[in-house]
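Encoded as structure tokens, the structure appears first; notes follow it.
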């Protein structure tokens, strides 16, 4: 089942739970072994896989970490990116070169025609 905004929360949770169970079984882990490795109770793993709402997000994250699924969260909630116009504004404000050390201005010599007498 494809997860979309049209699905109810319960259906999404059940689908996520079924996917977690599939990954766990694919790695040949029991619920107890996964719970032990994630530092959660076996009942928490059971609830996650059943899609029960009472599970805590931290337990979900721990189980996903053990199953090696953490890198997929980047696509779930990507980091906000500045608009192209905002990127151009930031780019133009970026310094292009160093200003160097400032010295006292040199007094120009008085210019005259011919040889000084």
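The values are calculated or read from the model by the stated rules, or taken from the named source; none is laboratory data. Worth saying up front: this structure is predicted, and the values here are computed from it rather than measured. We place every Cβ from the backbone using ideal geometry, glycine too, and count neighbours over all the protein chains shown.
Numbers below:
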| read-out | value |
| --- | --- |
| Test: residue 44 is modelled with pLDDT under 70 and touching a helix residue (DSSP H, G or I) at 6+ places or on another chain (Cβ under 7 Å) | no |
| Filter result for residue 50 (out of contact with any strand residue (DSSP E or B) (no Cβ under 9 Å at 6 or more places or on another chain) and closer than 23 Å to residue 5 by Cβ) | yes |
| Output for the range 51-70, where each listed residue is exposed (fewer than 13 other Cβ atoms within 10 Å of the Cβ) and modelled with pLDDT of 80 or more | 68 |
